[in-house]
Amino acid sequence: MAEHNEREERADSPKSKRAENADRNEHMAYCSDLEELQVVDFALVELTLYLDTHPMDMQAVQQFNQLVQRRQRLAAAFEMKHGPLLQFGHSYSRFPWQWVDTPWPWQV
Amino acid sequence: MYDSQWRDWKPYVSPNDPCPPIRVKWYIVPPNQFIPYQPMNLPQFPLEEALRRGTLWPALYSPFTSRRSVKGGKPNG
């Protein structure tokens, strides 16, 4: 047991703790940005399905277009910060190529 | 029932049943069964909540809570 604790202590040296905090903050930032995008995306899905059967609902169309604008802003900000969301020309990429980087949304 | 969407029915229990009888069966009839055509301008959830609840409109919200807690007894009690 002692040996186990000792190994643990070495792992908690201050330097890795600071790096750990940075990772955790980055992870939390990624999750909150992603969730913000998911909130708007879900509303867009709901409105799309609704508008398929209610093409004359002007208010819903206005809400839909507002959300599309907001979604485009959120996605652009997300991609600048965390890398491309889509592929095959639907998103930019920095150098070096970012598409293969982790984390993928389902890993987070 | 705590939630108006729940209904129950009592299956026939025969003395020859091999397994212990399930006396009450519970099922949900979601609100979309009662709305043939969704009216316009229904009230909406705030977007964050809509994501959590799974629908944009409270009128169509149908929580499928575990029956154990909803009825307080054993499921299929």
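Every number here is computed from the coordinates shown, using simple stated rules; none is lab data. None of the values given here were measured: they were computed from a predicted structure. Neighbour counts run over all protein chains shown; Cβ positions are idealised from the backbone, glycine included.
Observations
- Sorted from longest to shortest, the spans of the Cα atoms of chain A along the three principal axes equal 72, 32, 18 Å.
- Dividing the summed -39500 (n - 2.57) terms of all DSSP H runs of n ≥ 4 by the residue count of chain A sets its mean residue ellipticity at 222 nm at -24500 deg cm²/dmol.
- Inter-chain Cβ neighbour average for residues B:44-51, partner chain, 10 Å: 5
- Note that the stretch B:23-36 has calculated 3J(HN,Hα) couplings of 7, 10, 9, 10, 8, 10, 10, x, x, 5, 6, 9, 10, x Hz, one per residue in order, obtained from phi through the Karplus relation 6.51 cos²θ - 1.76 cosθ + 1.60 (θ = phi - 60°); glycine and proline are x.
- Under Karplus coefficients 6.51, -1.76 and 1.60, residue-wise ³J(HN,Hα) of the stretch B:41-46 in Hz, glycine/proline x: 6, 6, x, 10, 6, x
- Counting charges near A:GLU46 (Lys, Arg +1; Asp, Glu -1) among other residues having Cβ under 12 Å from its Cβ returns a value of -1.
- When only Cα pairs below 8 angstrom with a gap of at least 6 residues are kept, chain A shows a relative contact order of 22 percent.
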